[in-house]
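Undergrad: Questions regarding the structure given below will be posed in turn.
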Amino acid sequence: AGLYKIILTDNNDCKDSTSVSIQEPVKLSVTNKLTLPECDGQKGSFSLTVSGGTTPYGFEWLDGAGGLYAATQNVVSVDVGSYTYTVTDGNQCSYSDTNSIYEPPKLELTTSKVTPNICINDKNGGVDLTASGGTKPYTYRLNSGTFQTSATFGSLAVGRFTALVQDKNACSDTTIFN
């Protein structure tokens, strides 16, 4: 790139000149916005922003095994895994990078301790719940009750209960106990 002077000379030593400016395109630049799944079993997405280089741009996405996954700028409903993208501009200049879609661990709820009632009409029962996976913080509820931050419930009568845990992303899991 730059300004160049061209001088032409013929067989009679006659000369002529001109100046030529050669421009170089701006460097090809790519930004990838990655959207990760919020819950186990969901899918993610990629969104590319391209600038510089020379239009038109071509897009290629390869999956972890090297197979063609997509040929578009944005890719939605992407399964967990590693993906390599290449953006090629009109001058065949290219930019490549690899990104991964990963999900939080599966949210799971278990009863760690159930305290039974001694007598049939008592309301002395209780349960301690344990949540794992997902994205903290967790909230808990029994049946259709109100959510609370404590994983311990007391003053329970005899009966069958459905406990539900919900994480920061509204992912949930349930367990049933008596």
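The values are calculated or read from the model by the stated rules, or taken from the named source; none is laboratory data. Owing to the predicted nature of the structure, the values given are computational and were not obtained by experimental measurement. Because the Cβ atoms are built from the backbone with ideal geometry, glycine has one as well, and the counts that use them run over all protein chains shown. Heads up: the accessible areas ignore ligands, DNA and RNA and are worked out on the full protein's heavy atoms, side chains in. Shrake-Rupley method; radii C 1.70, N 1.55, O 1.52, S 1.80 Å.
Undergrad: Can you work out the accessible area per residue across region 51-150, with the rest of the protein chains kept in place, probe 1.4 Å, in square angstrom?
TA: 60 Å²
Undergrad: At 7 Å along Cα-to-Cβ for each site, give me the label-to-label distance between residue 123 and residue 149 in nm.
TA: It is 2.6 nm.
Undergrad: Rounded to a whole number, what % of the accessible area of the chain do carbon and sulfur atoms account for, probe 1.4 Å?
TA: 49 percent
Undergrad: Taking C-beta distances below 4.7 angstrom as the pairing criterion, name the unpartnered cysteines of the chain, in sequence order.
TA: 14, 93, 119
Undergrad: Mean projection of the alpha-carbon convex hull of the chain over all orientations, in nm²?
TA: So the mean shadow area of the Cα hull is 16.4 nm².
Undergrad: What number, in percent, do you get for the relative contact order of the chain if the mean sequence gap of Cα pairs under 8 Å and at least 6 apart is divided by its residue count?
TA: 15 percent
Undergrad: Order of 139-149, 106-116 by packing, highest average Cβ count within 10 Å first?
TA: By packing density, highest mean first, the sequence is 106-116, 139-149.
Undergrad: Right, here's the next one. Relative to a virtual label point 7 Å from the Cα of residue 102 in the Cα→beta-carbon direction, which members of region 62-88 show backbone nitrogen distances below 12 Å?
TA: Counting backbone N atoms under 12 Å from the label point, the list is 81-82.
Undergrad: Using the Cα centre of the chain as the reference point, and only Cβ charges (+1 on K/R, -1 on D/E), how large is the resulting charge dipole? Debye, rounded to the nearest 20.
TA: 880 debye
Undergrad: Along the Cα-to-C-beta direction of residue 40, a point sits 7 Å from the Cα; which residues of region 138-178 have their amide N less than 14 Å from that point?
TA: Within reach of a label on residue 40: 165-167, 171-175.
Undergrad: Moving on. Below 24 Å Cα-Cα, how many Lys pairs turn up in region 86-178? Only count pairs eight or more apart in sequence, or on different chains, if you could.
TA: 5
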